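In what follows, a structure is listed as C-alpha cells, so that the remarks can point back to it.
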Amino acid sequence: MDPLLISAGNASPWTGPTGNNTWLLQGREPALVDAGVGLVEHVEAVAAALGGVDLARILITHAHSDHASGTPALLARWPSAIVISGSQLTAATHIVRDAASIPAGNGTLRVIATPGHTPDHLCFFDEGSGDLFSGDLARLGGTVVIPASQGGSLRDYLASLERVRALRPRRLLPGHGPVVDDPAALIDEYIKHRADRDQQILDAIRAGARTPEDIVARVYVGLAAELRTAAADSVRAHLINLRESGRL
C-alpha cells in the first residue's frame, strides 16, 4: 500500500500552497512521517485515514516547527504513539541513530542520518519499495535553506545529498511539494546549484561585497523581503564551507 499524503494545512510562502506534507503508512504498525503543526483539521484527517486504528509511531525528520510542533496534538489523540526523532522533542521521544530499523506500516524503515539542513535531520528509507521519506533534504521547484545560525552545515548537507544519491531510491517523498520521481536528477541539480552559488558568492566578494547581506543584495536579485534573512543565513553557510575548504 502506498503511503498516504495528508497535508498539514499550514500554507505559507515557506511551506508551500498546501503546507507541509505528512505521510501515513497504514498497516500493522500505522506510522506518520512528520507531525505538521497541530491543526485540528490535520489531526482529524489522520484519524479519518486510520479508520479507528491507533497511530503507533510518529517519525520526525527534524525538529523545525513546521515538521515537529504538531507532535503534542497527535499525542493528545494517540497517547500510546511512540515518537521517533534524531533529537529530544518530548520527554517520551525515542532518539534513533543512523541505520536503525523502525517498524512502520507493514514493513520497516531504515533511518538514514542526513545532517546539513539541521544537525538532527533524518530520512526514512523503505528498502523494499525504494521510497525515501526525505523531509527537507530536497524538493521540486525550490532549494533548501542551510541556516548556519541554527547549526546548518553546507559541508554536511552536500555529503548527505551524495549519500542519498548512492542509495538509489526510487522516489523521494518530501516534506514539501510533489513526489520526486527522479531523485538522482534532482540531487545532481542541487549539487550543481550549490557549486554555482559558491562561484556567485566569490564573484560578489571580488566585486566589493563585505557582508552576507551585501552578497544577498548582489546575488539574490528580486528576492522577497521576508526571505532575505534566511538567504543571508544560507550565504553564511557557504562562506563557512568556502573557508574550510581553503577557497576563501
DSSP loop (so not H, G, I, E, B), at most 10 other Cβ within 10 Å: list which trypsin sites (Lys or Arg not before Pro) in segment 1-101 pass both filters. 97
HN-Hα J in Hz across segment 212-220 - Karplus 6.51, -1.76, 1.60, θ = phi - 60°, x for Gly and Pro: x, 5, 4, 5, 4, 4, 8, 9, 9
So what's the gap between the Cα centers of segment 150-222 and segment 71-97, to the nearest angstrom? 30 Å
Mean projected area, convex hull of alpha-carbon positions in segment 124-200, reported to one decimal in nm², is 5.2 nm²
What is the sum of charges around residue 147, taking Lys and Arg as +1, Asp and Glu as -1, for the other residues whose C-beta is under 10 Å from the C-beta of residue 147? 0
Here segment 123-135 yields Karplus 3J(HN,Hα) values (6.51, -1.76, 1.60; θ = phi - 60°; whole Hz; Gly and Pro given as x) of 10, 10, 10, 8, 5, x, 8, x, 7, 10, 7, 10, x
Would you pull out the residues with amide H under 5 Å of residue 58's amide H, same chain only if 5 or more places away, H placed 1.01 Å from N? 32, 82, 83, 84
Using a cut-off of under 16 Å, list every residue of segment 99-132 whose amide N is near the label point 7 Å from the Cα of residue 244 along the Cα-to-beta-carbon line. 114-121
Looking at the chain, send over the antiparallel percent of its DSSP beta bridges, to the nearest 5. 65 percent
Report relative contact order for segment 1-120 in percent, whole number only (criteria: Cα-Cα under 8 Å, sequence separation at least 6). 21 percent
Footprinting proxy, 161, 50: sorted fewest to most Cβ within 10 Å, the residues are 50, 161
When the distances between all Cα atoms of segment 4-188 are binned every 10 Å from zero, what whole-number percent does each bin get? 10, 42, 38, 10, 0
Once both label points are put 7 Å beyond Cα along the C-beta direction, the residue 1-residue 48 separation in nm becomes 1.7 nm
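Since every read-out is calculated from the coordinates, none of them should be taken as a lab result. In this text, all values refer to a predicted model and were calculated from it rather than measured experimentally. Every residue, glycine as well, gets a Cβ built from its backbone with ideal geometry; the counts of neighbours run over all protein chains shown.
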